[in-house]
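One structure below.
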Amino acid sequence: MKHPLVLSILAVILFVSCGKTTQNPFFTEYDTPFQVPPFDRIEEKHYLPAFRQGIQQSTEEIQAIATNPDAPTFANTIEAMERSGKQLTKVSNVFYNLVSAHTNDQMQAIAKEVAPMLSKHRDDILLNPELYARVKAVYEQRSDLDLNSEQLQLVEEYYKMFVRGGADLEGEDREQLRKINEEISVLMVQFGENILKENNRFELVIDKKDDLAGLPDNAIQAAAEAATKRGHKGKWVFTLHKPSLIPFLQYSDRRDLREKMLNAYINRGNNGDELDNKELVKKMVTLRAKRAKLLGYETHAHYVLAENMAKEPSRVYDLLNQLWTPALERARTEAKHLQKMIADQGKDFKLQPWDWWYYAEKLKQERYAIDDKVLRPYFKLENVRQGAFDLATRLYGLTFEERTDIPKYHKEVRVYEVKESNGDHVGILYTDYYPRESKSGGAWMNDYRQQQKLDGEIHPIVTNVFNFPEPTAEQPALLSFDNVQTLFHEFGHALHGLLSDCTYPTLAGTNVPRDFVELPSQIMENWAAEPEVMKSYARHYQTGEPIPDELIERIQKARLFNQGFATVEYLAASFLDMDWHTISTADIQGVHEFERTSLDRIGLIEDDPISFDNAKTIREIERVIYL
């Protein structure tokens, strides 16, 4: 959750470059349509000056609030803080969105330099005793201030933020907290950079056509184009980016190459080299535990969950344990079916993690006569996107008009103006669909500007970022049904941000408890498989024919296929996350040893062939749990 006290910037500075004087875009009002960021004029050299002066301005604004001689009120303290830091927010929103979606070495270096600066600035605010006294005074008299429900919530959020930020600490404890926060901020940047570099440096180069056996034509074509881009013309290159990795694991007949691909993926950050993340994991977990103790919480999990719906770790473990036994039983049954298929083919090896997707895909075809290769032609990206837009029109009366006059940060990005049915402007939506070396893995929603009404109506600027299969010279971008659900899911988050109706930025958009924020996205995701909705967007990219009812019926029947495995996968990751963050400040012997113990406790070691020496936390658990 971004916060206006930590994310802001300042006005007007000049740079001399190539003999010409150019203005830093962050120091003036954006003169673009709807005041979107002028990506075409923003350069790496603009960020550090903007961060530095943004922090300076925010510091001056906060100091003025803290030393105000008037008695503290909601207006001169809480609302005043909401208005502070606008310049820093402006540069931070652009910078951190691009660090995720379109980074480079310069941006990563800036991120490392800025992280401790922002950590210090946040602590300077939350550990300011005069400011805290004013916030506390407003909080203690909140019931007598005739505040509306949103203002009352804002006061409570500010008070909690200060208390949870260490405002009640004294002396050496305050300095220790500062050091911990600064170190964590730097470690997190390094962790993400290492994963990005690991994603980009691996490539499986294939030079024999026979080694492509089983792979669909679109995956082969994409691999050929990737090879040309990477200097291997005439060959095929497969990478760890999901549109390349997943089809390979699903369809490649070369078991040894599937093993190579999966092991490369699961060992990102676990190769004992300059990109190894194991020590970073230990340091981050230990520092988080120490910070929690300083702030009066038993563990980091207690600290985090106090602000979420679950409230405490025991309730999380209770839920996980309720789900675990039936999920594990179902997954073991699924494993037996896959092992039987291997035996029926006359093979005598034991099912391994790199076999799961391959044989699960074959079993799905056998049981439901449904094949991802048959489905993809009906899920052309542009059609699916329009289907999501049309659904939002039917549900909420929104319209989406593509704009080509609005700056964007990459040529592949598309920009849409979102309007009410009467034509009133709602906000701007950026969409960024394809993987590239400058982009992190996964899919997400974020914002370049949050909705608010504190000083006039401010409309949101929202972004959806994905890593979907790219179009090739022979085909448009064709999605799997999992991709389709992901698009609808993240679009649900985008709608949450776009339809925000709050006065104060701290409470706007997706600034809600973490375990509630998924509700709008889950609602939209579940619409994707509804037959009436699917028929609106699922049309064959060559013939234009809608998806047949028979195929929709097969999709519906197959929805629970492999769900034991999928459920165990995310539950195991959840158990592991909780175990990491319910530790005390005691030293951790090693990442591998800790995770073996954690997974053994829930019954995932035994005689299973997968080696849990490969630390799950440092690479995301991704379809690799064999039972």
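Structure summary
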{"quantity": "Residues within region 367-404 that are touching a Lys or Arg at 6+ places or on another chain (Cβ under 7 Å), of a type in the set (Val, Ile, Thr) and at pLDDT 95 or above, tallied", "calculated": "1"}
{"quantity": "Test result for residue 525, acidic (Asp, Glu), under 27 Å from residue 328 (Cβ atoms) and modelled with pLDDT of 95 or more", "calculated": "yes"}
{"quantity": "Given (1) surrounded by fewer than 17 Cβ atoms within 10 Å (Cβ to Cβ); (2) under 30 Å from residue 158 (Cβ atoms), index of the condition residue 313 fails", "calculated": "(1)"}
{"quantity": "Selection within region 470-507 - under 22 Å from residue 154 (Cβ atoms), aliphatic (A, V, I, L, M) and surrounded by 23 or more Cβ atoms within 10 Å (Cβ to Cβ)", "calculated": "498"}
{"quantity": "Selected residue (criterion: nearest to residue 437 (Cα to Cα)) from residues of region 194-217 that are over 27 Å from the mean Cα position of the chain (by Cα) and buried (at least 20 other Cβ atoms within 10 Å of the Cβ)", "calculated": "206"}
{"quantity": "Test: residue in region 507-515 that is of a type in the set (A, V, I, L, M, F, W, C) and in contact with a Pro (Cβ under 9 Å, 6 or more places away or on another chain)", "calculated": "yes"}
{"quantity": "Some residue of region 464-485 being without any contact (Cβ under 8 Å) to a residue 12 or more places away in the chain, more than 17 Å from the chain's Cα centre (by Cα) and not in a loop (DSSP other than H, G, I, E, B)", "calculated": "no"}
{"quantity": "Lone qualifier among 358, 396 - being closer than 25 Å to residue 217 by Cβ and among the hydroxyl-bearing types (Ser, Thr, Tyr)", "calculated": "358"}
{"quantity": "Condition check for residue 435: touching a helix residue (DSSP H, G or I) at 6+ places or on another chain (Cβ under 7 Å) and either outside the structural domain of residue 244 (by TED's automatic domain parsing) or closer than 21 Å to residue 486 by Cβ (or both)", "calculated": "yes"}
{"quantity": "Close pairs from region 203-229: first outside the structural domain of residue 258 (by TED's automatic domain parsing), partner in a helix (DSSP H, G or I) and β-branched (Val, Ile, Thr), Cβ under 6 Å, at least 6 apart", "calculated": "none"}
{"quantity": "Lone qualifier among 53, 57, 87 - being closer than 21 Å to residue 112 by Cβ, of a type outside the set (Val, Ile, Thr) and assigned to a helix (DSSP H, G or I)", "calculated": "53"}
{"quantity": "Subset of region 425-457 that is charged (D, E, K, R) and over 14 Å from the mean Cα position of the chain (by Cα) - its residue that is surrounded by the fewest Cβ atoms within 10 Å (Cβ to Cβ)", "calculated": "457"}
{"quantity": "Residue count for region 145-176, restricted to those that are without any contact (Cβ under 8 Å) to a residue 60 or more places away in the chain and more than 17 Å from residue 131 (Cβ to Cβ)", "calculated": "7"}
{"quantity": "Residue match in region 169-176 (condition: outside the structural domain of residue 61 (by TED's automatic domain parsing) and outside any helix (DSSP H, G or I))", "calculated": "yes"}
{"quantity": "Test for residue 404: is it more than 24 Å from the chain's Cα centre (by Cα) and either outside any helix (DSSP H, G or I) or assigned by TED's automatic domain parsing to the domain that holds residue 468 (or both)", "calculated": "yes"}
{"quantity": "Any hit, region 445-452, residues being in a loop (DSSP other than H, G, I, E, B) and either at pLDDT 95 or above or out of contact with any strand residue (DSSP E or B) (no Cβ under 8 Å at 6 or more places or on another chain) (or both)", "calculated": "yes"}
{"quantity": "Scan of region 86-107 for residues that are buried (at least 24 other Cβ atoms within 10 Å of the Cβ) and of a type in the set (Lys, Arg), ordered by number", "calculated": "90"}
{"quantity": "Among residues of region 407-424, those that are touching a strand residue (DSSP E or B) at 6+ places or on another chain (Cβ under 9 Å) and either exposed (fewer than 13 other Cβ atoms within 10 Å of the Cβ) or in a strand (DSSP E or B) (or both), counted", "calculated": "9"}
{"quantity": "Residues that are surrounded by fewer than 19 Cβ atoms within 10 Å (Cβ to Cβ) and in contact with a strand residue (DSSP E or B) (Cβ under 7 Å, 6 or more places away or on another chain), drawn from region 41-56", "calculated": "45"}
{"quantity": "Cβ pairs under 8 Å, 6+ apart, first in region 534-548 and under 15 Å from residue 479 (Cα atoms), second among the hydroxyl-bearing types (Ser, Thr, Tyr) and modelled with pLDDT of 95 or more", "calculated": "538/378; 539/378; 540/378; 541/378; 547/378"}
{"quantity": "Helices (runs of 4 or more DSSP H) completely within region 528-601 that count 3 or more residues being under 24 Å from residue 326 (Cα atoms)", "calculated": "549-557, 563-581, 591-601"}
{"quantity": "Segments classed as helices (runs of 4 or more DSSP H), wholly inside region 305-380, with at least 1 members that are farther than 24 Å from residue 480 by Cα", "calculated": "313-344"}
{"quantity": "Selection within region 144-165 - out of contact with any Ser or Thr (no Cβ under 7 Å at 6 or more places or on another chain) and closer than 26 Å to residue 295 by Cβ", "calculated": "152, 153, 155, 156, 158, 159, 160, 161, 162, 163, 164, 165"}
{"quantity": "Residue within region 486-499 that is in a loop (DSSP other than H, G, I, E, B) and assigned by TED's automatic domain parsing to the domain that holds residue 439 present", "calculated": "yes"}
{"quantity": "Tabulated pairs, region 96-109, first over 14 Å from residue 39 (Cα atoms), second assigned to a helix (DSSP H, G or I) and modelled with pLDDT of 95 or more, C-beta under 7 angstrom, 6+ apart or interchain", "calculated": "106/44; 107/44; 107/98; 107/99; 108/193"}
{"quantity": "Candidates 298, 274, filtered to the one that is more than 30 Å from residue 170 (Cβ to Cβ) and surrounded by fewer than 18 Cβ atoms within 10 Å (Cβ to Cβ)", "calculated": "274"}
{"quantity": "Selection from region 512-535 of residues that are over 17 Å from residue 311 (Cα atoms) and aliphatic (A, V, I, L, M)", "calculated": "519, 523, 524, 528, 529, 533, 534"}
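The rows are residues; the columns are (1) within 27 Å of the chain's Cα centre (by Cα); (2) aliphatic (A, V, I, L, M); (3) closer than 21 Å to residue 574 by Cα.
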| position | (1), (2), (3) |
| --- | --- |
| 315 | yes, no, yes |
| 357 | yes, no, no |
| 373 | no, no, no |
| 390 | yes, no, no |
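The values are calculated or read from the model by the stated rules, or taken from the named source; none is laboratory data. Not measured: the values here are computed from a predicted model. A quick note on method: Cβ atoms are made from the backbone with ideal geometry, for glycine too, and the neighbour counts reach across all protein chains shown.
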